[in-house]
1. Apply the a/c threshold of 1.5 to the C-alpha gyration tensor of the range 62-101 and tell me whether it is rounded, prolate or oblate.
2. Using the basic label-point model (7 angstrom from Cα toward the beta carbon), what is the ALA145 to ASP85 distance in nanometres?
3. Let's test the formula: R0 of 22 Å, r as the Cβ-Cβ distance of ASN121 and GLN166. What FRET efficiency results, to the nearest 0.05?
4. Take GLU73, GLU78 and sort them by solvent-accessible surface of the protein heavy atoms, 1.4 Å probe, largest at the top.
5. How long are the three semi-axes of the equivalent ellipsoid for the range 89-174, computed from the Cα gyration tensor as the root of 5 times each eigenvalue, in whole Å, largest first?
6. Given 0.36 nm per residue, what is the gain on full extension from GLU78 to ASP95 after removing their alpha carbon distance, in nm?
Amino acid sequence: YETASAVFDVAVHGALYFVFDGSSSTLTADIRSTVADLSTTAYLKITGQISDAYTTFFTEINSAIDNAPCLVELDLSELTTTASDKKATQNHFQDCTRLSSISLPNDLTAIGYCTFKDCTNLTSVTFGTGIQSIGADSAFQGCTALVSVTFPDSAPLALIDSTSFQDCSSLQSL
């Protein structure tokens, strides 16, 4: 699992804490050890370009944040992939109960089955300009604290499955 070019910025209380340029290293080992070593980090911003599909990358990120007990905000808004598959398929962040806020990549096109299911502390999700569908059952089901879902006006959003936001009791509108 090689990165085409990736920069990992980790900020603590708004100050840059760590930068990792993964252009010649494997992503899996480095991000897991980096996040695990920053056990008090509350905010993680990942920018740059990766070569794998988001499905693979999000699985690795979720494994890494399991080891970061204070991480509550994840910003992927400046991340891109060179892969042709720009979807998040399923279960990537399911039951990630610490996560309260996530900003998704601009070139992410679809959210799949149970991607954020039962993220009970998730309060806000910001989609990028490329989102086309939230088309699988239960994408955000059980996110009981979710109050804000933001879609850019320019996003070509064509489909939101009827059960995508089921049991999101705090969400009042999309």
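The values are calculated or read from the model by the stated rules, or taken from the named source; none is laboratory data. None of the values given here were measured: they were computed from a predicted structure. No Cβ is skipped: glycine too gets one built from the backbone with ideal geometry, and neighbour counts run over all protein chains shown. Calculation scope for accessible area: heavy atoms of the full protein, side chains included, ligands and nucleic acids excluded. Shrake-Rupley method; radii C 1.70, N 1.55, O 1.52, S 1.80 Å.
1. Prolate.
2. Computed distance between label sites ALA145 and ASP85 equals 3.2 nm.
3. 0.80
4. Per-residue accessible area, sorted high to low, gives GLU78, GLU73.
5. 18, 13, 12
6. Taking GLU78 through ASP95 to full extension adds about 3.7 nm, to one decimal.
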